[in-house]
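Everything below concerns the one structure shown next.
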Amino acid sequence: MFSITVRDHIMIAHSFRGDVFGPAQRLHGATFLVDATFRREQLDEDNIVVDIGLATQELGAVVGALNYRNLDNEPDFAGVNTSTEFLAKVIADRLAERVHKGALGEGARGLAGLTVTLHESHVAWASYERAL
């Protein structure tokens with residue numbers, strides 16, 4: 001399996017509900033490094049997984065819609081604990097939607113899967129992996 005990874009970052013604010021979250025129940029900020037890894041079994045006719053420039057551009061657009069936002073105030077996340085794991089899925093699903101609409105080029109239609117990893121720090125991160 002071949003893969004390429006592109007990276008961006010987001011800065012958000014949010015709070016959680018539930019005792020398991022301890023002090024994170026209060027409003028707090030988070031900065032995540034965001035990695036999107038695109039996979040395919042065989043390289044396309046240009047011998048690439050996907051156009052890195054388009055992948056970088058589309059990841060930037062997806063995370064840009066979340067950047068500098070208080071997620072507690074976003075209608076899409078009303079009543080939801082926007083955990084790192086949950087946000088990885090949101091970003092992966094939004095990227096997958098762009099792949100299916102052709103935003104990453106025709107060659108991207110041959111992609112097999114996508115993994116999004118949000119790095120909370122140098123010692124903790126969470127990922128979501130999905131088929132395309």
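The values are calculated or read from the model by the stated rules, or taken from the named source; none is laboratory data. All values derive from a computational prediction rather than experimental measurement. Don't worry about glycine lacking a Cβ; one is built from the backbone with ideal geometry, like all the others, and counts go over all protein chains shown. Surface areas here come from the heavy atoms of the whole protein model, side chains and all, with no ligands, DNA or RNA. Shrake-Rupley method; radii C 1.70, N 1.55, O 1.52, S 1.80 Å.
Quick notes
Every residue, every condition in (1) modelled with pLDDT under 95; (2) under 30 Å from Asn47 (Cβ atoms), yes or no:
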{"site": "Asp72", "(1), (2)": "no, no"}
{"site": "Ala78", "(1), (2)": "yes, no"}
{"site": "Leu87", "(1), (2)": "no, no"}
{"site": "Asp93", "(1), (2)": "no, yes"}
{"site": "Arg98", "(1), (2)": "no, yes"}
{"site": "Arg109", "(1), (2)": "yes, yes"}
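- The set of residues from region 1-30 being within 25 Å of Asn81 (Cβ to Cβ), open to solvent by 40 Å² or more (accessible area, probe 1.4 Å) and among the polar types (S, T, N, Q) comprises just one member, Gln25.
- Scope region 21-38; condition in contact with a Phe, Trp or Tyr (Cβ under 6 Å, 6 or more places away or on another chain) and among the aliphatic types (A, V, I, L, M); matching residues: Ala24
- Condition check for Arg130 on (1) of a type in the set (D, E, K, R); (2) surrounded by 15 or more Cβ atoms within 10 Å (Cβ to Cβ); (3) under 15 Å from Ala36 (Cα atoms): one failure, at (2).
- Any hit, region 31-54, residues being under 21 Å from Asn67 (Cβ atoms), among the polar types (S, T, N, Q) and open to solvent by 50 Å² or more (accessible area, probe 1.4 Å): yes
- Of the residues making up region 55-74, those that are outside any helix (DSSP H, G or I) and open to solvent by 20 Å² or more (accessible area, probe 1.4 Å) number 6.
- The residue that is nearest to Phe2 (Cα to Cα), among those in region 70-119 that are touching a helix residue (DSSP H, G or I) at 6+ places or on another chain (Cβ under 7 Å) and of a type in the set (Lys, Arg), is Arg98.
- For region 75-93, residues that are in a helix (DSSP H, G or I) and touching a Leu at 6+ places or on another chain (Cβ under 9 Å) total 8.
- Residues that are open to solvent by less than 50 Å² (accessible area, probe 1.4 Å) and more than 16 Å from Asp35 (Cα to Cα), drawn from region 75-98: Phe77, Val80, Asn81, Thr82, Ser83
- Residue match in region 99-121 (condition: open to solvent by 80 Å² or more (accessible area, probe 1.4 Å), among the acidic types (Asp, Glu) and either in a helix (DSSP H, G or I) or free of Cβ contacts under 8 Å to residues at least 24 places away in the same chain (or both)): yes
- Residue match in region 20-35 (condition: within 15 Å of the chain's Cα centre (by Cα) and either assigned to a helix (DSSP H, G or I) or closer than 19 Å to Gly113 by Cα (or both)): yes
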